[in-house]
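The values are calculated or read from the model by the stated rules, or taken from the named source; none is laboratory data. Bear in mind the structure is a predicted one, so any value in this text is a computation, not a measurement. Don't worry about glycine lacking a Cβ; one is built from the backbone with ideal geometry, like all the others, and counts go over all protein chains shown.
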Amino acid sequence: MKVREFKQFIGGEWAAPASGQTFESLDPSTEEVIATVGRGDAADIDAAVNAARAAFPAWRDRKPKERARLLYDLARAIEAHADDLAHWETLDSGKPLPRARGEVLSTARYFEFYAGAADKYYGETIPLGADYIDFTLREPMGVTAHIVPWNFPLNMIGRSVAPALALGNTAVVKPAEQTPLTALLLAELMQEVGFPAGVYNVVNGFGIEAGAPLTAHPDIDCITFTGSVETGRIIMKTAAEHIKPVVLELGGKSPNIIFADTDLGLAVAEAAKGIYSNTGQVCSAGSRVLVEAGIRDAFVEQLVAHTSRIKIGRGVDSPEMGPLVSREQYERVEVYMGIGREEGAEVAAGGARPPEFDKGYFWQPTILDRVTPDMRVAQEEIFGPVLAVLTFEDEAEALEIANGVRYGLVAGIFTNDINKAMRLARDLKAGQVYVNEYFAGGEETPFGGYKQSGFGREKGLEALANYSQVKNVAIRIR
Ligand code: ADP
């Protein structure tokens, strides 16, 4: 395959990074180089922030309906180029082609959704009595910084850049170094539909070299970060230096609670979907299944059978599950397998590299059974296709185990008892609760964490708050 060359996108121009350096992006299915990419550093970040700053006043002052039109046009352009975008996303990340395509269409949907909101995000009037007129204005923040992870490279850009641009902010995006490509392909489409130069800028590069200078730049106005708790902590400290607001969407160890009264076939399929989707590299993965003691054996037996049928392969061949994104991620999964075995978990399925692959970062879909809540494999995020199965006796114990981790991103509940579902939905410490369908929701539904899963909400109308400030104007009538 011909290695494709990618530059940076700053101020509407394609340019090599100031240092002239590049890095390689690999196909995790083959470990072959698919592209060389500009390796940005502080100088490029500075240029991008300056470009975004220069573009801000005119973009802010455009009529909201005009900004909306451009966002709609972009949504249509993304759909028209869905095959090409999905192809590159798949090569870059290893994810199955149909999944990549779904994520591309969801990206289009983010631009469409927030286009619809651009001219409908109103302020309020506040009654202070006859002598006053008081109202609020919602102003854009200014230059927004977006540090993006590798598990949903394009989709996460849509998720945070669309609401930012809709409200009149400009954006600097630092994609993950593992998946640098689709952010740039999106820039091509932005140019094609006529976004002004500097509204959307992309600087690729490594976390320390490009991400850190972006978060430390004095002229950004807010930071949206999705990634690990460790990096989130560093970013929050950096943001504190300049008192910049941050939205942090960090890890998860989300519980999927299966009661005996549920449809077993449904629960098995949804539990598998919850952990094996995107090879388990999903912050909201249902990585802990909590199953009621009475159906434990039947559930595990059916889940093992289901798991054994999952087809693994190269993303471009549209398997059910592709490889992990990188060697680093592969080694992390391997380490956690060792920890699980040492802690006494039983490997009921998978647990190793699939023997049919001698290249690529493939890992078998894996079930760790007889896990107890205190084990590290029940507490720590593995970020691979490794499911921990725990057992509970009653609802109270299920709740205690479910909430007994440092994370609180999402939670699933499978039951036919509406009261049980509602009690748990009320008491679970999680930003999203799914009942009878794992990952239920969409671009419209607010998403974010409790506890160390982070704070701030992305998606839905809630996300608009991240990219706007409220100004109150109080007028005394004399
Ligand atoms: P992972 O460990 O899963 O790769 P990270 O949280 O380290 O996830 O990475 C998510 C994003 O954060 C990537 O775009 C990465 O380059 C970026 N990043 C990593 N370290 C830093 C840092 N110190 N400052 C800013 N961004 C960073």
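When you check R53 against the structure, is it surrounded by fewer than 22 Cβ atoms within 10 Å (Cβ to Cβ) and either under 30 Å from R99 (Cβ atoms) or out of contact with any His (no Cβ under 7 Å at 6 or more places or on another chain) (or both), yes or no? Please lay out each step first, then the result.
On the way: surrounded by fewer than 22 Cβ atoms within 10 Å (Cβ to Cβ): yes; either under 30 Å from R99 (Cβ atoms) or out of contact with any His (no Cβ under 7 Å at 6 or more places or on another chain) (or both): yes.
For R53, the condition - surrounded by fewer than 22 Cβ atoms within 10 Å (Cβ to Cβ) and either under 30 Å from R99 (Cβ atoms) or out of contact with any His (no Cβ under 7 Å at 6 or more places or on another chain) (or both) - is met.
With the structure loaded, tell me whether V333 is within 30 Å of A100 (Cβ to Cβ), touching a Phe, Trp or Tyr at 6+ places or on another chain (Cβ under 8 Å) and not assigned by TED's automatic domain parsing to the domain that holds R370 or whether it fails that test. Please lay out each step first, then the result.
On the way: within 30 Å of A100 (Cβ to Cβ): yes; touching a Phe, Trp or Tyr at 6+ places or on another chain (Cβ under 8 Å): yes; not assigned by TED's automatic domain parsing to the domain that holds R370: no.
So V333 fails the test.
Do we find a residue being aliphatic (A, V, I, L, M), crowded, with 19+ Cβ neighbours inside 10 Å, near the ligand (Cβ under 9 Å from one of its atoms) and under 16 Å from the mean Cα position of the chain (by Cα) anywhere in the stretch 200-210?
From the stretch 200-210, those aliphatic (A, V, I, L, M) are 202-203, 208, 210; that's our starting set.
Now narrow it down to the ones that are crowded, with 19+ Cβ neighbours inside 10 Å: 202-203, 210.
Within this subset, residues satisfying the condition of being near the ligand (Cβ under 9 Å from one of its atoms) are 210.
Narrowing the set further to residues that are under 16 Å from the mean Cα position of the chain (by Cα) leaves none.
No, there is no match, as no residue in the stretch 200-210 is aliphatic (A, V, I, L, M), crowded, with 19+ Cβ neighbours inside 10 Å, near the ligand (Cβ under 9 Å from one of its atoms) and under 16 Å from the mean Cα position of the chain (by Cα).
Taking A117 as the residue in question, decide whether it is at pLDDT 95 or above, in a helix (DSSP H, G or I) and under 15 Å from T182 (Cα atoms). Quick ask: steps written out before the conclusion?
Values: at pLDDT 95 or above: yes; in a helix (DSSP H, G or I): yes; under 15 Å from T182 (Cα atoms): no.
Considered against the rule, which asks whether it is at pLDDT 95 or above, in a helix (DSSP H, G or I) and under 15 Å from T182 (Cα atoms), A117 comes out as no.
Suppose we filter A285, A305 for residues that are within 20 Å of D369 (Cβ to Cβ), small (G, A, S) and in a helix (DSSP H, G or I); which single one remains? Let's see the steps before the verdict.
Numbers: A285 fails: in a helix (DSSP H, G or I).
Just a single option satisfies the conditions, and that option is A305.
When you check K237 against the structure, is it in a helix (DSSP H, G or I), modelled with pLDDT of 95 or more, of a type in the set (K, R) and more than 10 Å from the ligand (Cβ to nearest atom), yes or no? If you could, list the steps in order and put the result at the bottom.
On the way: in a helix (DSSP H, G or I): yes; modelled with pLDDT of 95 or more: yes; of a type in the set (K, R): yes; more than 10 Å from the ligand (Cβ to nearest atom): no.
Judged against the criteria, K237 is not a match.
With the structure loaded, tell me whether T372 is closer than 22 Å to V410 by Cα, loosely packed, with under 15 Cβ neighbours inside 10 Å and touching a strand residue (DSSP E or B) at 6+ places or on another chain (Cβ under 8 Å) or whether it fails that test. Spell out the reasoning first.
Details: closer than 22 Å to V410 by Cα: yes; loosely packed, with under 15 Cβ neighbours inside 10 Å: yes; touching a strand residue (DSSP E or B) at 6+ places or on another chain (Cβ under 8 Å): yes.
So T372 passes the test.
Taking the criterion of being within 18 Å of the chain's Cα centre (by Cα), at pLDDT 95 or above and either within 13 Å of the ligand (Cβ to nearest atom) or of a type in the set (V, I, T) (or both), would at least one residue in the stretch 211-218 satisfy it? Can you show your working first?
Going residue by residue through the stretch 211-218, those that are within 18 Å of the chain's Cα centre (by Cα) are 211.
Now narrow it down to the ones that are at pLDDT 95 or above: 211.
Pick out the ones that are also either within 13 Å of the ligand (Cβ to nearest atom) or of a type in the set (V, I, T) (or both) and you get 211.
Checked the stretch 211-218: at least one residue is within 18 Å of the chain's Cα centre (by Cα), at pLDDT 95 or above and either within 13 Å of the ligand (Cβ to nearest atom) or of a type in the set (V, I, T) (or both).
Looking at the stretch 347-378, which of its residues are without any contact (Cβ under 8 Å) to a residue 60 or more places away in the chain, among the small types (G, A, S) and under 27 Å from N403 (Cα atoms)?
The answer is A348, A349, G351.
Tell me, please, whether a residue that is within 14 Å of the ligand (Cβ to nearest atom), in contact (Cβ under 8 Å) with a residue 60 or more places away in the chain and crowded, with 16+ Cβ neighbours inside 10 Å can be found in the stretch 252-270. Break it down stepwise before answering.
Going residue by residue through the stretch 252-270, those that are within 14 Å of the ligand (Cβ to nearest atom) are 252.
If we keep only those that are in contact (Cβ under 8 Å) with a residue 60 or more places away in the chain too, we end up with 252.
Within this subset, residues satisfying the condition of being crowded, with 16+ Cβ neighbours inside 10 Å are 252.
Checked the stretch 252-270: at least one residue is within 14 Å of the ligand (Cβ to nearest atom), in contact (Cβ under 8 Å) with a residue 60 or more places away in the chain and crowded, with 16+ Cβ neighbours inside 10 Å.
Please pick out the residue among A216, A197 that is touching a residue at least 60 places away in the same chain (Cβ under 8 Å), out of contact with any strand residue (DSSP E or B) (no Cβ under 6 Å at 6 or more places or on another chain) and either outside the structural domain of E292 (by TED's automatic domain parsing) or not basic (K, R) (or both). Write out each step before concluding.
Numbers: A216 fails: touching a residue at least 60 places away in the same chain (Cβ under 8 Å).
Sole residue among the options that is touching a residue at least 60 places away in the same chain (Cβ under 8 Å), out of contact with any strand residue (DSSP E or B) (no Cβ under 6 Å at 6 or more places or on another chain) and either outside the structural domain of E292 (by TED's automatic domain parsing) or not basic (K, R) (or both): A197.
I'm trying to understand the selection: among the residues of the stretch 10-48, which are among the acidic types (D, E), over 23 Å from the mean Cα position of the chain (by Cα), farther than 23 Å from F195 by Cα and crowded, with 16+ Cβ neighbours inside 10 Å?
D41
Residues that are polar (S, T, N, Q), assigned by TED's automatic domain parsing to the domain that holds F113, surrounded by fewer than 24 Cβ atoms within 10 Å (Cβ to Cβ) and in contact with an Asp or Glu (Cβ under 9 Å, 6 or more places away or on another chain): does the stretch 152-166 have at least one? Steps first, answer last, please.
Our first condition is that a residue be polar (S, T, N, Q); within the stretch 152-166, this holds for 155, 160.
If we keep only those that are assigned by TED's automatic domain parsing to the domain that holds F113 too, we end up with 155, 160.
From what is left, the residues that are surrounded by fewer than 24 Cβ atoms within 10 Å (Cβ to Cβ) are 155.
Of the ones still in play, those that are also in contact with an Asp or Glu (Cβ under 9 Å, 6 or more places away or on another chain) are 155.
Yes, some residue in the stretch 152-166 is polar (S, T, N, Q), assigned by TED's automatic domain parsing to the domain that holds F113, surrounded by fewer than 24 Cβ atoms within 10 Å (Cβ to Cβ) and in contact with an Asp or Glu (Cβ under 9 Å, 6 or more places away or on another chain).
To keep it simple, each residue is scored yes or no on (1) within 16 Å of the ligand (Cβ to nearest atom); (2) in contact (Cβ under 8 Å) with a residue 40 or more places away in the chain; (3) of a type in the set (G, A, S).
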{"position": "D131", "(1), (2), (3)": "no, yes, no"}
{"position": "F135", "(1), (2), (3)": "no, yes, no"}
{"position": "M141", "(1), (2), (3)": "no, yes, no"}
{"position": "S160", "(1), (2), (3)": "yes, yes, yes"}
{"position": "G168", "(1), (2), (3)": "no, yes, yes"}
{"position": "K174", "(1), (2), (3)": "yes, yes, no"}
